[in-house]
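Novice: Structure below; questions to follow.
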Amino acid sequence: MVASAVFILDSRGKALISRNFRGDVPMNCVGEFRRVAIDVADAHSVKPLNRIEEKGYTFVHIRQEDVYLLAVTRRNANAATLIAFLYKLVEVMTVYFKRVNEEAVKDNFVIVYELLDEMMDFGYPQVSEPRVLKEYITQESHIKDYARPPPAVTNAVSWRSEGIKHARNEIFLDVIEKLNILISGSGNVLRSEVHGSMRVKSYLSGMPTCKLGLNDKLQFDSTGMRASHAVELEDIKFHQCVRLNEFEQTKNILFIPPDGEFELMSYRLNTQVRPIIWVDAVIEQRVSRVDYLVKARTQIPPGTVARDVKIIVPVLPDVSSPEFRNKSGRVKYNAANDTLEWHIRKFKADTELDMRGWFCLPSVGEDAQRDASTRRPIQVQFEVPYYAISGTQVRYLKITNIDYPALPWVRYVTQAGDYTIRLV
């Protein structure tokens, strides 16, 4: 990836920050960007990548509140990497001044220029960890001596500083999976996929090395082992601390963790799974009222509990005088969104609950509008602790290169992502 220049523009396309790293693009190239991305009739048709053939350069941009972050290149650069760098720049600036907008950029332009100079050199990304950057780029510039950068910048492990000490040495690994599922009105699963994320909170002293083993199918195949409970992870994305050559050879995840919280890896599984919460709604419309019968059932392993379950059912747009009857949870009518929301704090495994609701209807109403409202799907939200729906398991989490006792902790959580149940 090579970026010729990086700009931060206001909503009108005027340059607030500009840094030309290679000198092979003119500084007035933002005028071309304004023409193809800002001064357009349909803002939704604007693409994040625009190639100007007659000029010979490519624009890659993202928008954050009321500013544009723009990278320009003349090379055949990796556009996805350029976009990732721009988002990383937003993340770092957010750490420094909470929000990234025109006012914040103007008030902190000196810091922004310093960050650009450290995060990119001759168009190539360099240090991008906020914790390391904050060691020598601060708002209180007189506090730090910039004669020598911190060792993490010149070290091979740029994401972790040397000499870190903690009184209690622990590392926490959270396996968080979000279930996206679409269920038809007849009860068939039309689409289901799991998006997983492994988040780490590291409070380890020194420069430890961690080794993580999963029940990934590739990992079992590489060792010649066979296991019926292995899962096949797809679209795996690692944090920069993971040694990719070690993963390619042995399928073990070997890493020196940054201090604090970070996302170690993310993955996806495109597989058929059972719905965790099954919801069935019967709507009976009469002349002057409409009745709702909503039944919900959990389909989770025994001993587990779904927490903070929220079932959102669409209702007709012109109803009034709501009445509800339910034994568990709380039900409320949201007139702004034309929905009723059934909130259940704890929903145990293999449990079925029901809720009834009544609404009054005016004698005159738009039939087409009422019919359209019954076609809106049911949305479900929940969280199931100590459970990973994909079957992903951490086989071991070993900590080496240390001379002190350390405790690894692993936790599983399954959450609802885009969980949709059609009524028809």
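Novice: Non-local amide H neighbours of Ser161 (under 5 Å, H modeled in plane, Pro and chain starts lacking H): which ones?
Specialist: Asp259
Novice: Work out from phi, with θ = phi - 60° and the Karplus expression 6.51 cos²θ - 1.76 cosθ + 1.60, the ³J(HN,Hα) of each residue of segment 410-416, listed in order in whole Hz, and give x for Gly and Pro.
Specialist: Once θ is set to phi - 60°, the couplings for segment 410-416 become 10, 9, 10, 9, 10, 10, 7 Hz.
Novice: At a 1.4 Å probe radius, carbon and sulfur cover how many percent of the accessible area of the chain?
Specialist: Looking at the chain in its full context, I get 47 percent from C and S.
Novice: Among the listed pairs Lys47/Lys98; Lys310/Lys332; Lys211/Lys251; Lys295/Lys332; Lys134/Lys211, give every one whose C-alpha distance is greater than 18 Å.
Specialist: Long pairs (Cα-Cα over 18 Å): Lys47/Lys98; Lys134/Lys211.
Novice: Taking a cut-off of 13 Å between Cα atoms, list the aspartates and glutamates near Lys346, but don't count ones fewer than 8 places away on the same chain.
Specialist: Asp308, Glu383
Novice: Still on this model: How about segment 13-54: which trypsin sites (Lys or Arg not before Pro) there lie in a loop by DSSP and see at most 16 other Cβ atoms within 10 Å?
Specialist: Lys14, Arg22
Novice: Okay, moving on. Only helical DSSP H runs with n ≥ 4 go in: add -39500 (n - 2.57) per run for the chain, normalise by residue count and round the 222 nm mean residue ellipticity to 500 deg cm²/dmol.
Specialist: It lands at -4500 deg cm²/dmol.
Novice: Another question, if that's okay. Across segment 1-149, how large is the tail of the calculated P(r) beyond 21 Å, expressed as a percent of all Cα pairs?
Specialist: Value for segment 1-149: 42 percent of Cα pairs lie more than 21 Å apart.
Novice: Between Asn20 and Gln240, what is the spin-label point distance in nm, taking each point 7 Å from the Cα along the Cα→C-beta axis?
Specialist: Between Asn20 and Gln240, the simple spin-label model gives 2.7 nm.
Novice: For a quick check of your reading of the filter: which GluC sites (Glu not before Pro) in segment 274-368 sit in a DSSP loop and have no more than 15 other Cβ atoms within 10 Å?
Specialist: Glu366
Novice: Return one whole number: the accessible area per residue of segment 277-385 in Å², for a 1.4 Å probe.
Specialist: Heavy-atom SASA per residue in segment 277-385 reads 55 Å².
Novice: For segment 277-385, would you read off the P(r) tail past 19 Å as a percentage of all alpha carbon pairs?
Specialist: 43
Novice: Among DSSP beta bridges lying fully in the chain, give the percent that are antiparallel, nearest 5.
Specialist: Here the share of antiparallel DSSP bridges comes out near 90 percent.
Novice: In angstroms, what radius of gyration and Dmax does the chain have, counting Cα atoms only?
Specialist: 26.7, 81
The values are calculated or read from the model by the stated rules, or taken from the named source; none is laboratory data. These figures come from a predicted structure and were not determined experimentally. Neighbour counts are summed over all protein chains in view; Cβ atoms, including those assigned to glycine, are modelled from backbone coordinates with ideal geometry. With ligands, DNA and RNA removed, areas are computed over all heavy atoms of the protein, side chains included. Shrake-Rupley method; radii C 1.70, N 1.55, O 1.52, S 1.80 Å.
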